[in-house]
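Below you'll find the structure, written out as structure tokens, and then a few comments.
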Amino acid sequence: MSTERVIEYAEEFSTSEKFQRICLFLLLGILALIINEKWYLPFINWYLDTVHCHTPLGYSGISVMWHSVFVGIPIFCAFTIGIVTIPIGYKGLVDNQFPPK
């Protein structure tokens, strides 16, 4: 009596679906580059050139810039990663296994 297990894999994307996804990701990447080059970097460069002149909320512009770089960016990255990983981790704790059921 043989008990062979048949492993079922998910269906692969068709060629047209792969092409659509690649095009979508390329367009999103190009959009991110345009936003970065046209608006974000010029704003950051302007702020860095005139940081000593600004006092946002009564604080020195230089201290705000340093706190943004060394505290704000790491907290933002941790929050962004946490949004994705906390629900999966919680389900894993509830199911007592990883990956969750």
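The values are calculated or read from the model by the stated rules, or taken from the named source; none is laboratory data. Being a predicted model, the structure only gives us computed values, none of them experimental. When we count neighbours, we look across all protein chains shown, and the Cβ atoms used for this are built from the backbone with ideal geometry, even at glycine.
Name the residues in the stretch 68-101 that are at pLDDT 90 or above and under 19 Å from Tyr47 (Cβ atoms), would you?
Phe70, Val71, Gly72, Ile73, Phe76
Yes/no matrix, rows are residues, columns are (1) under 30 Å from Lys101 (Cα atoms); (2) outside the structural domain of Lys101 (by TED's automatic domain parsing); (3) without any contact (Cβ under 8 Å) to a residue 24 or more places away in the chain; (4) surrounded by fewer than 10 Cβ atoms within 10 Å (Cβ to Cβ):
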| residue | (1), (2), (3), (4) |
| --- | --- |
| Thr3 | yes, yes, yes, yes |
| Tyr9 | yes, yes, yes, yes |
| Lys18 | yes, yes, yes, no |
| Ala32 | no, yes, yes, no |
| Gly61 | no, no, yes, no |
| Ser68 | no, no, yes, no |
| Gly72 | no, no, yes, no |
| Val84 | yes, no, yes, yes |
| Ile88 | yes, no, yes, no |
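If Tyr9 satisfies all but one of (1) more than 22 Å from the chain's Cα centre (by Cα); (2) in a helix (DSSP H, G or I), what's the number of the condition it fails?
(2)
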